[in-house]
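One structure is given here, and the rest of the page talks about it.
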């Protein structure tokens, strides 16, 4: 992350991975100032059902974390997909808003779709004004999740990037 962190010339060092989320221009809501905390993209999540912990889930991925986690959650809760199917289904992300990390790039209207989506999905999004970019087949998301229902523990891990495994005993 130090490669992408802005160097403060007067001090001769880079901001760390979370401090770089401050803006170095004064007068902005996220400007670097004493006593302020930076925004963060970290989103470890705990879902409750009927007042009890039901599921823990999360992913690395900077600005894409919230996007991938929402997609996972909607698939699981609203579409009834099991944990592994919710993770394995093709995913996407938007680059429409300025990035959290320096140099804060934005690509208005841009959606990155995994190559496993049907071509018609990309065409329909383009007809709605999105700028579609096709990624590799298994490129979007690094989710893992674990849930507990009636004493049964279930877990799922993402095959993308070979970053995690769901193991139990």
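The values are calculated or read from the model by the stated rules, or taken from the named source; none is laboratory data. Bear in mind the structure is a predicted one, so any value in this text is a computation, not a measurement. Glycine also receives a Cβ, built like all others from the backbone with ideal geometry; neighbour counts cover every protein chain displayed.
The residue that is modelled with the lowest pLDDT, counting only those in segment 118-140 that are assigned to a loop (DSSP other than H, G, I, E, B) and within 18 Å of residue 96 (Cβ to Cβ), is 140.
Is it true that residue 17 is over 29 Å from residue 157 (Cα atoms) and either in the same structural domain as residue 146 (by TED's automatic domain parsing) or assigned to a loop (DSSP other than H, G, I, E, B) (or both)? So that I can check it myself, show each step before the final result.
Values: over 29 Å from residue 157 (Cα atoms): no; either in the same structural domain as residue 146 (by TED's automatic domain parsing) or assigned to a loop (DSSP other than H, G, I, E, B) (or both): yes.
Answer is no for this residue.
Within segment 1-53, being at pLDDT 90 or above, within 21 Å of the chain's Cα centre (by Cα) and surrounded by 12 or more Cβ atoms within 10 Å (Cβ to Cβ) holds for 45, 47.
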